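Participant: Here's a structure for you.
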Amino acid sequence: MRCRADPEAYFREGVRASGAQALCAGCSYLEACRLYALERPGLWGVWGGTTRMERMSLRRRAAG
């Protein structure tokens with residue numbers, strides 16, 4: 001898992017959606033990681049190939 005090798009890359013300021021997807025590309029835990037992050041609104045950084053802003057948007061759509 002790339003996140004274990006370079007965890008700081010996932011918490012850098014200003015990571016965009018394309019950067020988040022690239023960081024997580026090919027990870028076998030992608031979906032589980034994304035679900036984990038969606039259930040925890042307070043998490044920062046890249047999780048499951050999504051940025052914090054993307055997850056906020058996904059939660060709003062799911063609630064709507």
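The values are calculated or read from the model by the stated rules, or taken from the named source; none is laboratory data. Worth saying up front: this structure is predicted, and the values here are computed from it rather than measured. No Cβ is skipped: glycine too gets one built from the backbone with ideal geometry, and neighbour counts run over all protein chains shown.
For (1) surrounded by fewer than 17 Cβ atoms within 10 Å (Cβ to Cβ); (2) closer than 12 Å to CYS3 by Cβ; (3) of a type in the set (Asp, Glu), each residue gets a yes or a no:
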{"site": "GLU13", "(1), (2), (3)": "yes, no, yes"}
{"site": "ALA17", "(1), (2), (3)": "yes, no, no"}
{"site": "ARG40", "(1), (2), (3)": "yes, no, no"}
{"site": "VAL46", "(1), (2), (3)": "no, yes, no"}
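Participant: Also: Give me the residue from region 1-33 that is part of a loop (DSSP other than H, G, I, E, B), at pLDDT below 90 and of a type outside the set (D, E, K, R) and, out of that set, farthest from ARG60 (Cα to Cα).
Facilitator: MET1
Participant: When you scan region 27-34, do you find a residue that is among the hydrophobic types (A, V, I, L, M, F, W, C), exposed (fewer than 11 other Cβ atoms within 10 Å of the Cβ) and in contact (Cβ under 8 Å) with a residue 24 or more places away in the chain, even just one?
Facilitator: no
Participant: Among the residues of region 34-57, is there at least one that is among the charged types (D, E, K, R) and in a loop (DSSP other than H, G, I, E, B)?
Facilitator: Checked region 34-57: at least one residue is among the charged types (D, E, K, R) and in a loop (DSSP other than H, G, I, E, B).
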